[in-house]
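Here is the structure we will look at, set down as structure tokens.
Please treat every number below as a calculation from the coordinates, not as lab data. Predicted model, so just to flag it, every value in this text is computed and none were measured. Glycine also receives a Cβ, built like all others from the backbone with ideal geometry; neighbour counts cover every protein chain displayed.
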Amino acid sequence: MIRVVKAGLLDTIQDNGRIGYQQYGVIQSGVMDSLSSRVANLLVGNEEGEAILEMTLIGPKLLFQQDTLLAFCGGEFTPEIDGRRIPMWRPVLVLADSIVTIGSTKAGCRLVMAVAGGFDVPVVLESQSTYLKARFGGFDGRCLRKGDVLRLHAPIRNPDKMMESYMACKTPTYAATSWSVAERVRPTVGKDYTIRVLSGRQKREFTSHSQKSFLTDVFTVDAQSDRMGYRLLGPNLRLAEPRELLSEAVTFGSVQVPSNGQPIVLMADRQTTGGYPKIAQVISVDLPMLAQAKPGDRIRFQEVSIHTAQQLLQQREFDLHELRVGIELKRKNGGI
């Protein structure tokens, strides 16, 4: 079990989300940075889609009441136990009665924590994800509060045996491996992001100046951004002629432009349909990087072809496959 000693800014249980329910008006939800979530789960021996704890900007303080194999992945946070920094992007065995303090981010926006076996929370509509506005899923349909207790499923593998096979770094409160995940399998974090996009369905209905400005000017992530969408501040984007659009399907990364001319990038908790014109669509491989952008960070957009987007996604999946195979080989061979 894990007890919340102090809550962070926004700590929720998330997995891949509710697939197949948007036709009924139920949003998908799910983790914002899917790359970090998948990697963290691989590191602790879970299935890649297992639910994780997603933390935003400022993390919680957690009391671990049992030995727990975990992995922290995502933005540049500094989780600690008794002043000792816990390494990220690798398996870590935290001992019972340890208090882990997450702290605030130095770069990036979100941190995910996977635990071996996963979190024991109810499955609602085939997902454990928290849908905050509807108040269901995850832990009682809400973010974590002081005093909450998270129960864990039994790990698929024995954490002690796993760590014995490739443990290199030991302290009085935790043990970790000497190896970590390669940089190329981590989302880019910083203050300036170049996000690649495909042309949107209504792109050609914007003025030529707006189309150019979207790809050449810098946008800033507004403080009003959240899990539903990122509001961007920058040049006004205008349609060549005013028109009314029928609502149509939207997805993670759709870039809509409302009447004020300031684009909104739809994120994990997006609505099921939208009626604003879409100037672009963020490519799948860049969504985890976009999820790490925080208020005040700067974004540039770069248009690519669908062929390039597919090649980039194939390379990402190949890198994850290599990681998956490499971790399994280390477990079998006891390498560090």
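The alpha-carbon atoms of the stretch 92-151, seen along their principal axes, cover 32, 28, 21 angstrom, with the largest extent given first.
Its residues counted as N, the chain yields a C-alpha radius of gyration over 2.2 N^0.38 Å of 1.02. Karplus-based coupling profile of the stretch 100-107, in residue order and whole Hz: 9, 9, 7, x, 9, 6, 9, 7, with θ = phi - 60° in 6.51 cos²θ - 1.76 cosθ + 1.60 and x standing for Gly or Pro.
Can you give the alpha-carbon Rg of the stretch 38-84 over 2.2 N^0.38 Å, where N counts its residues?
Working: Rg = 11.7 Å, N = 47, 2.2 N^0.38 = 9.5 Å.
With N residues counted in the stretch 38-84, Rg over 2.2 N^0.38 Å equals 1.23.
Under 5 Å from the amide H of residue 67 lie the amide H atoms of 96, each residue being 5 or more positions distant or on a separate chain, with H modelled from the backbone and absent for Pro and chain starts. The GNM of the chain, with springs linking C-alpha atoms under 10 angstrom apart, assigns the highest mean-square fluctuation among 103, 138, 59 to 103. In this structure, the amide hydrogen of residue 272, modeled 1.01 Å from its nitrogen in the peptide plane, lies closer than 5 angstrom to no residue at least 5 positions away or on a different chain. Every pair of different Cα atoms in the stretch 1-92 enters the Kirkwood calculation, which places the hydrodynamic radius at 14.4 Å.
Sort the following peptides by mean Cβ neighbour count (other Cβ atoms within 10 Å, averaged over residues), highest first: 184-190, 121-127. Could you put the intermediate results ahead of the total?
Details: 184-190: 17.4, 121-127: 15.7.
Descending mean neighbour count gives 184-190, 121-127.
Under 18 Å of direct C-alpha separation, and excluding same-chain neighbours fewer than eight residues apart, residue 191 reaches these lysines: 106, 294. Relative contact order for the chain: what percent, with Cα pairs under 8 Å and sequence separation of 6 or more? Relative CO of the chain lands at 19 percent.
Per-residue ellipticity at 222 nm from helix content only, as computed over the chain with -39500 (n - 2.57) for each DSSP H run of at least four residues, stands at -5500 deg cm²/dmol. For the stretch 188-336, the calculated P(r) over all alpha carbon pairs, in 10 Å bins from 0 to the bin holding the longest distance, is 11, 38, 30, 12, 6, 3, 0 percent.
Here the Gaussian network model covers the chain, with springs between Cα atoms less than 10 Å apart; of 99, 279, 156, 156 fluctuates the most.
Ordering 41, 112, 291 by Cα displacement along the dipole of the chain toward the positive end leaves 291 in first place; charges were set at the Cβ atoms of Lys, Arg (+1) and Asp, Glu (-1).
A Förster radius of 45 Å, combined with the Cβ-Cβ distance separating residue 23 from residue 154, puts the computed FRET efficiency at roughly 0.80. Based only on Cα atoms, what Rg/Rh ratio does the stretch 256-336 have, Rh being taken as Kirkwood's radius? Here the Rg-to-Rh quotient is 1.13. The Cα atoms of the stretch 194-269 give a gyration tensor whose axes a ≥ b ≥ c have a/c of 1.5 or more with a/b no greater than b/c, which makes the shape oblate. Amide H contacts of residue 226: 231, each under 5 Å away and 5 or more positions distant or on a separate chain (H built 1.01 Å from N in the peptide plane; Pro and chain starts excluded). How would the stretch 18-164 be classified by its alpha-carbon gyration tensor: rounded, prolate or oblate, with rounded meaning a/c under 1.5 and the a/b versus b/c comparison settling the rest? Prolate, since a/c reaches 1.5 and a/b exceeds b/c. Charged side chains reduced to their Cβ positions (Lys and Arg at +1, Asp and Glu at -1) give the stretch 197-281 a dipole of some 180 debye around its Cα centre. Computed from backbone phi with θ = phi - 60° and the Karplus coefficients 6.51, -1.76 and 1.60, the 3J(HN,Hα) list for the stretch 314-328 is 4, 5, 4, 5, 5, 4, 5, 5, 4, 4, 4, 5, x, 5, 5 Hz; x is used for glycine and proline.
Do any trypsin sites (Lys or Arg not before Pro) in the stretch 88-144 lie in a loop, going by DSSP, with at most 15 other beta-carbon atoms within 10 Å of their beta carbon, and if so which?
Taking the stretch 88-144 and a limit of 15 other Cβ atoms within 10 Å, the loop trypsin sites (Lys or Arg not before Pro) found are 106, 133, 135.
When the chain is treated as a GNM with alpha-carbon contacts under 10 Å, the residue of 176, 96, 134 showing the greatest mean-square fluctuation is 134. Computed 3J(HN,Hα) for the stretch 204-213, one whole-Hz value per residue from the Karplus formula 6.51 cos²θ - 1.76 cosθ + 1.60 where θ = phi - 60°, is 5, 8, 7, 4, 4, 5, 5, 4, 5, 4, glycine and proline marked x.
Quick check on packing: order 66-74, 305-313, 191-199, 24-32 by the mean number of other C-beta atoms within 10 Å, highest mean leading. Working shown, then result.
Values: 66-74: 24.4, 305-313: 13.2, 191-199: 16.8, 24-32: 20.2.
Packing proxy ranking, top to bottom: 66-74, 24-32, 191-199, 305-313.
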